[in-house]
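*Asks:* If you scroll down you'll find the structure; I have some questions about it.
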Amino acid sequence: MADDTTDTKSSNQMWGGRFASGPDAIMEEINASIGFDKKLFAQDIRGSIAHATMLAHQGIISAEDKDKIVHGLNTILSEIESGNFEFSRQLEDIHMNVEARLATLIGPAAGRLHTARSRNDQVALDFRLWVKEELQKTEQMLTGLIAAFLDRAEEHAESVMPGFTHLQTAQPVTFGHHCMAYVEMFGRDRSRVRHAIEHLDESPIGAAALAGTGYPIDRHMTAKALGFREPTRNSIDTVSDRDFAIEFLSIAAIAGMHLSRLAEEIVIWSTPQFGFVRLSDAFSTGSSIMPQKKNPDAAELVRAKTGRINGSLVALLTIMKGLPLAYSKDMQEDKEQVFDAAESLELAIAAMTGMVRDMTVNTARMKAAAGSGYSTATDLADWLVREAGLPFRDAHHVTGRAVALAESKGCDLAELPLSDLQAIHPDITDKVYDVLTVEASVASRKSFGGTAPSEVRRQIAFWRARN
């Protein structure tokens with residue numbers, strides 16, 4: 001039989017080098033969250049100050065203890081902000097780190113802070129406050145991105161470019177109109193952010209572990225002090241809810257998808273084959289081997305960030321999908337997903353706002369491309385309906401024949417002789433040429449929300465008034 005020393009050595013080898021001290025080391029590693037939840041220090045201290053103030057107001061703790069607690073917490077806040085606070089993994093999380101330091105600073109009074117609350121409602125409060133502040137920041141950043149697009153749209157309300165479906169030339173539009181499409185997208189994102197703030201604007205503190213508390217607390221007082229609309233209404237749901245975090249990630253994923261679509265267009269537009277836009281060196285890099293290349297790396301990285309954000313959303317949905325009520329330790333895995341997605345989204349919005357303002361638009365190249373692919377064919381069909389009285393399906397057939405003839409001759413529709421057009425349909429007159437230019441095409445699209453410069457300017461004015 002092996003002696004005890006051999007058994008211990010063998011056991012330690014099973015745990016591996018990183019966990020040489022055995023199960024205790026593994027438990028510490030898997031249980032500790034201070035490595036990431038220290039990001040919540042300001043929210044944790046803010047919540048504790050509000051809680052202590054309410055406890056004193058309700059006569060649950062003395063005013064003297066409250067003053068000591070508040071002073072101690074403000075001291076800790078200063079220590080953390082100045083980089084003079086030593087976080088301990090043995091204390092697991094931000095809550096215990098702060099509480100332990102508070103005990104060192106003010107003595108027994110620190111123990112009264114945790115009266116009528118649990119780490120369950122404490123972490124729910126901290127995280128909800130953090131997400132609310134991040135949503136408010138996202139709202140401001142989206143407003144800045146929308147403003148950048150409004151400026152470019154106004155600058156290019158009359159700049160003609162090809163509109164695409166299936167990435168094939170479809171009809172002429174203006175670059176201003178194209179920019180306004182992104183204004184609408186990011187406007188919806190901002191609206192979702194505002195709704196999310198409204199949804200989470202309830203204070204969790206006071207729900208305690210899951211059943212509330214027997215102390216005569218005033219949850220409305222703490223809710224008001226912390227800037228919430230009202231307290232939550234069910235203590236079980238309060239400590240087990242992470243909808244606010246999932247909703248943030250959902251919003252981030254949708255906004256990231258919009259940013260990625262824009263990034264893809266910038267990547268395509270900046271190729272020599274398109275040449276629609278050019279990014280400055282501030283948002284591009286060169287090749288290590290090909291000196292002629294200029295790579296739109298910032299746009300490509302924005303496109304890639306979307307994958308990280310989507311992964312965070314799926315991860316948190318998966319974490320939460322099988323949890324019975326109320327709190328489970330699984331929920332500790334929520335924060336890293338949200339923190340990472342928030343960082344990715346902030347960076348992507350900032351980079352895209354910079355690129356939108358930075359890029360040089362080649363209007364001549366866009367206009368030349370706008371006339372390719374027989375993009376005014378629909379205008380010919382509309383003219384036949386309007387001027388020759390043809391049903392649209394008949395006009396569509398006539399136009400198709402005209403396009404086929406132009407293709408066979410290697411020319412544009414506007415370059416076909418009138419005699420050729422009249423051979424296809426005798427009611428075509430020389431007035432048809434007035435609608436076969438790209439400028440005439442975009443000018444005619446005056447329907448509400450259309451690409452006509454006058455309509456683009458109307459929509460710009462609408463968005464400037466609400467931005």
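The values are calculated or read from the model by the stated rules, or taken from the named source; none is laboratory data. Because the structure is predicted, anything quoted here is derived from the model rather than measured. Please note: Cβ atoms are built from the backbone with ideal geometry, for glycine as well, and neighbour counts cover all protein chains shown. What goes into the accessible areas is simple: the full protein's heavy atoms, side chains included, and nothing from ligands, DNA or RNA. Shrake-Rupley method; radii C 1.70, N 1.55, O 1.52, S 1.80 Å.
*Asks:* Of everything in region 154-188, what is in a helix (DSSP H, G or I), among the hydrophobic types (A, V, I, L, M, F, W, C) and out of contact with any strand residue (DSSP E or B) (no Cβ under 7 Å at 6 or more places or on another chain)? Give them in sequence order.
*Replies:* Residues of region 154-188 that are in a helix (DSSP H, G or I), as a first pass: 154-155, 175-188.
Narrowing further to those that are among the hydrophobic types (A, V, I, L, M, F, W, C): 175, 179-181, 183, 185-186.
Selection gives 179, 180, 181, 183, 185, 186.
*Asks:* Then there is this: Residues that are small (Gly, Ala, Ser), over 30 Å from residue 192 (Cα atoms) and either open to solvent by less than 60 Å² (accessible area, probe 1.4 Å) or in a helix (DSSP H, G or I) (or both): does region 119-141 have at least one? Spell out the reasoning first.
*Replies:* Of the residues in region 119-141, the ones small (Gly, Ala, Ser) are 124.
Now drop any that are not over 30 Å from residue 192 (Cα atoms), which leaves none.
No, region 119-141 has no match at all.
Yes/no matrix, rows are residues, columns are (1) more than 19 Å from residue 450 (Cα to Cα); (2) among the small types (Gly, Ala, Ser); (3) in contact with a Pro (Cβ under 7 Å, 6 or more places away or on another chain):
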{"site": "168", "(1), (2), (3)": "yes, no, no"}
{"site": "179", "(1), (2), (3)": "no, no, no"}
{"site": "183", "(1), (2), (3)": "no, no, no"}
{"site": "189", "(1), (2), (3)": "yes, no, no"}
{"site": "192", "(1), (2), (3)": "yes, no, no"}
{"site": "203", "(1), (2), (3)": "yes, yes, yes"}
{"site": "211", "(1), (2), (3)": "yes, yes, no"}
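*Asks:* So for region 368-380 (the condition being within 25 Å of the chain's Cα centre (by Cα), closer than 30 Å to residue 284 by Cβ and crowded, with 20+ Cβ neighbours inside 10 Å), does at least one residue qualify?
*Replies:* Keep residues of region 368-380 that are within 25 Å of the chain's Cα centre (by Cα), which gives none.
There is no residue in region 368-380 that is within 25 Å of the chain's Cα centre (by Cα), closer than 30 Å to residue 284 by Cβ and crowded, with 20+ Cβ neighbours inside 10 Å.
*Asks:* Hey, among the residues in region 340-363 that are more than 12 Å from the chain's Cα centre (by Cα) and β-branched (Val, Ile, Thr), which one's surrounded by the most Cβ atoms within 10 Å (Cβ to Cβ)?
*Replies:* Out of the qualifying residues, it is 356.
*Asks:* Does residue 195 satisfy being under 20 Å from residue 256 (Cα atoms), without any contact (Cβ under 8 Å) to a residue 12 or more places away in the chain and loosely packed, with under 15 Cβ neighbours inside 10 Å?
*Replies:* When the stated conditions are applied, residue 195 passes them.
*Asks:* Hey, among the residues in region 321-338 that are out of contact with any helix residue (DSSP H, G or I) (no Cβ under 6 Å at 6 or more places or on another chain) and in a helix (DSSP H, G or I), which one's most open to solvent (accessible area, probe 1.4 Å)?
*Replies:* In this case the residue turns out to be 329.
*Asks:* Is it the case, given these coordinates, that residue 170 is touching a Gly at 6+ places or on another chain (Cβ under 6 Å), open to solvent by less than 10 Å² (accessible area, probe 1.4 Å) and within 30 Å of residue 456 (Cα to Cα)? So that I can check it myself, show each step before the final result.
*Replies:* Numbers: touching a Gly at 6+ places or on another chain (Cβ under 6 Å): yes; open to solvent by less than 10 Å² (accessible area, probe 1.4 Å): no; within 30 Å of residue 456 (Cα to Cα): yes.
No: the conditions fail for residue 170.
*Asks:* Tell me yes or no: at least one residue of region 384-392 is of a type outside the set (S, T, N, Q), farther than 25 Å from residue 174 by Cα and open to solvent by less than 10 Å² (accessible area, probe 1.4 Å).
*Replies:* The answer is no, given that none of the residues of region 384-392 is of a type outside the set (S, T, N, Q), farther than 25 Å from residue 174 by Cα and open to solvent by less than 10 Å² (accessible area, probe 1.4 Å).
*Asks:* Which condition number does residue 253 fail, the rest of (1) within 26 Å of the chain's Cα centre (by Cα); (2) not polar (S, T, N, Q); (3) not in a helix (DSSP H, G or I) being met?
*Replies:* It is condition (3) that residue 253 fails.
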